[in-house]
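Take a look at the structure below.
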Amino acid sequence: PGLSYTWLFNNHTLYLGEDSRRFVSQATGNLYLAKVEPWDVGNYTCAVSSAEAQRRVWGPPTALTLRGDGVMGEYEPKIEVRFPETTYAARGSSVTLECFALGK
């Protein structure tokens, strides 16, 4: 509770208000892209923020590229962000700081 997820595309905030192909789950932080197009190619970065903790954590940029052969593995391309090993949390609380997205 209290976490907010934001994605950046090529270092610019990804605004999804009127975009029916892309969606960010505020429950998990997952970014979903439907029907990937050439203009979707670029670097994606996830940021998780907590107003209560007054902190924002950024993942490293992850590149999305199109495969030239048109062949996709079961879950490729895969965008995965892992945060630093040290995370602070209150005793008894649950913490997950991983953004994960799958595309077909």
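The values are calculated or read from the model by the stated rules, or taken from the named source; none is laboratory data. Note that this is a predicted model, so its numbers are computed, not measured. Cβ sites come from the backbone with ideal geometry, for glycine too, and all protein chains shown count toward neighbours.
Observations on the model:
- Tallying residues that are outside any strand (DSSP E or B) and either modelled with pLDDT of 85 or more or closer than 14 Å to Tyr5 by Cβ (or both) within segment 15-40 yields 11.
Each row is one residue, and each column tells you yes or no for (1) modelled with pLDDT of 70 or more; (2) more than 18 Å from Leu3 (Cβ to Cβ); (3) surrounded by 10 or more Cβ atoms within 10 Å (Cβ to Cβ).
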site	(1), (2), (3)
Cys46	yes, no, yes
Pro84	no, no, no
Gly92	yes, no, no
Lys104	no, yes, yes
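- Matching residues, segment 41-55, being more than 14 Å from the chain's Cα centre (by Cα) and either part of a strand (DSSP E or B) or farther than 23 Å from Ala89 by Cβ (or both): Val41, Ser50, Arg55
- Taken over segment 5-27, the residue count meeting the criterion of being out of contact with any Lys or Arg (no Cβ under 9 Å at 6 or more places or on another chain) and surrounded by fewer than 15 Cβ atoms within 10 Å (Cβ to Cβ) is 13.
- Taking segment 1-31 as the range and being out of contact with any Leu (no Cβ under 8 Å at 6 or more places or on another chain) and more than 19 Å from Ser49 (Cβ to Cβ) as the test, the residues that pass are Asn10, Glu18, Asp19, Ser20.
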